[in-house]
1. Could you list, in sequence order, the residues of segment 581-606 that are under 15 Å from His620 (Cβ atoms), in contact with a Leu (Cβ under 8 Å, 6 or more places away or on another chain) and open to solvent by less than 10 Å² (accessible area, probe 1.4 Å)?
2. Every residue in segment 41-69 that is of a type in the set (A, V, I, L, M, F, W, C) and either open to solvent by 100 Å² or more (accessible area, probe 1.4 Å) or at pLDDT below 90 (or both), please.
3. Could you tell me whether any residue of segment 300-313 is hydroxyl-bearing (Ser, Thr, Tyr) and at pLDDT 90 or above?
4. For segment 442-488, give me the residue count where each residue is over 18 Å from Arg313 (Cβ atoms), among the aliphatic types (A, V, I, L, M) and not in a strand (DSSP E or B).
5. What tally of residues in segment 253-288 results from selecting those that are polar (S, T, N, Q) and either crowded, with 21+ Cβ neighbours inside 10 Å or touching a Lys or Arg at 6+ places or on another chain (Cβ under 7 Å) (or both)?
6. Quick check on this structure: which one of Leu164, Leu82 is surrounded by 18 or more Cβ atoms within 10 Å (Cβ to Cβ) and farther than 24 Å from Ala34 by Cα?
7. Residue under question is Ala475, and the condition is that it be at pLDDT 90 or above and under 17 Å from the mean Cα position of the chain (by Cα); does it hold?
8. Quickly run through segment 453-463 and pick out the residues that are surrounded by fewer than 16 Cβ atoms within 10 Å (Cβ to Cβ) and in contact with a strand residue (DSSP E or B) (Cβ under 8 Å, 6 or more places away or on another chain).
Amino acid sequence: MPRGERPEGLLGLLAEDLRTVVERDPSVRSRREALLHPVLPALWLHRAAHLLHRRGRRLPARLLMVLARAITGVEIHPGAVLGRRVFVDHGAAVVIGETAVVGDDVTVYHQVTLGALGWWRDNLRPEGERRHPVIGSRVVLGVGATVLGPVHVGDDAVVGAQALVLADVPAGAHVCAPMATVSPRRPRPPVPSPDERRGSMDPDSTVLIVGATDETVRKAKELGLRVLLLQHPTKVTAEQEELADVLRVLDYTDWAAVEPVARSLREEPGFRVALSITEPGLENAGRINDLFGLDGTGYAVTRRLRDKLAMRRHLAGLDPSAVAAAPLARREDLDAFAAAHGYPFIVKPTDATASIGVLRVGGPEDAEQAWETVERLRGTRTDRVSTMYLLQDFLMEEYVEGPEFSVEAFSFAGRHVVVAITEKFGHHDSFAELGHAVPARLDEPEQDRIRASVGRFLDQIGLRDGVSHTEVRLAARGPVIIESHNRIAGDLIPELVRGAYGVDLTEYALGWPFRLVAELPDRPEAYAGACVRSLVSEPGRVESVEGGGDAAARDGVLDVRITAKPGDTVHAVRDNWDRLGLVAVVGPDTTAAIRRGAEVIEEAIRIRVAGEDGRTWFAHAAEAGSPAGVRA
């Protein structure tokens, strides 16, 4: 039958389905063989069930499709509309919802879902409103593709394997999920018994890790490395005890305690390099590398990055236009700095993280309060500080006006690759970070300027190998470095990079010293957008926390970290520790991911907070409309 003619009646449509199987499945060579195609019964039973459904005979229509699912594993609601010559290859676990519409000549591979956004949203729609996608003609839906909600996929589009579609797709477009990276690896050796470990390790494949999470140790083992772990007594876990080949428990921030242990481990069983990707372990990992002349990053470079005043002084010696900075030891220093550089300016600890103690001194009226805050914080070790040492020294530096971004980079023997530029969202009255998104929505020239600035900075600071996380403000004079770290970022940013670019920065940090990972291209390409949204609330007390597991199971969710617990006091947002949780998601692009993160929080997470007046409310997604540093 010519392709433009419509087959007569149901039998003609079924015959056309049979011919389509022969034409489009290269493993089928005849119509007789096509009768045994695993998906054909589902298509044929749906054709009949759809007619019954349209005539109001919903129960027998449903029974036919229950039979189809039992036979083929394909689940198509009898209300769905399927066009002509729809070809379902393999078909296992295909799901097509009630109001979905599939055009002519569409190809559907196994595990494809044409679904809705959830009953909690769809039950609010007016009766008869469409809940499922419309798929145009000649569309290809790859293995595991998921298209959710009343979106439209245009004619001739291709939705790649594992892609998640939550917005309309233009005709002819290609939608691609993050692609896996392929890295050459050594075969993973068998894990020896505890009695066999000592003396059996090859120093050339052994790493000394100073402080680590379970994930870090696990990934090192997956790379085939032998792991010597120095861990703080408060951080040891059962998984680390099981996975580490040698575990030494001590205060790894104390060099006097670390040095003799490092000397002993260097002698037996030996190791090739010391490294850390957690803030408190960086300096002593550098000292170990210096002590034994190893290839890893040394103490001098690490100290320049950790000590923000040392970084400013180092850059001032290389660039006359560098940001001015000075130590803050006395109350009078604030007035002297203002006289020399004007208002506003910044006061912050020299080596803290997470926006702890960062203050903006806008004028003389702010100086006294800033000094009182510094005096209160100096010498403290509170639960609001993520590091395992005291807040000691503070500095003052010029305030840089402009939106803030972070740059996730990796250096390969002096070649600096900017993997991702991260858009940051900040609180309007503090320096707390309320969200992150990749790739940042910047014009290409702005991206080029940031890349060049970060590469120049890493050269000046002396970092040649490994991961770095650099914070940049895009000022009127161009990109300005705020601070940097030779470790991975926090706030689930590594999960965003992995979700959008397919690059695992932790794996690279562990594998590169042993050349177990391939060098990245100069400009890695993002295959999706990804975002972290934070949960915040007005002050009160947490009554209950629910929905974290539900949120983690939602489509597109990369990770959920809820820090709030019943009984916790909720403060006004001053720094990152006042957030109640984080949700990381992936989407087709950055804007869609930002929107998806808020949807997951709104639909799934219930953190109930009570105020002093007896009112209760739920925590909500923090606003993500202003890049960090742009004040409302």
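The values are calculated or read from the model by the stated rules, or taken from the named source; none is laboratory data. What you see is a predicted model; the values in this text were computed from it and never measured. Note: ideal-geometry Cβ built from the backbone for every residue, glycine included; neighbour counts use all protein chains shown. Surface accessibility is based on the protein's heavy atoms, side chains included, excluding ligands, DNA and RNA. Shrake-Rupley method; radii C 1.70, N 1.55, O 1.52, S 1.80 Å.
1. Gly581, Val583, Ile601, Ile605
2. Leu59, Leu63
3. Yes, that holds for at least one residue.
4. Qualifying residue count, segment 442-488: 6.
5. The total comes to 3.
6. Matching residue, one of Leu164, Leu82: Leu164.
7. No: the conditions fail for Ala475.
8. Asp459
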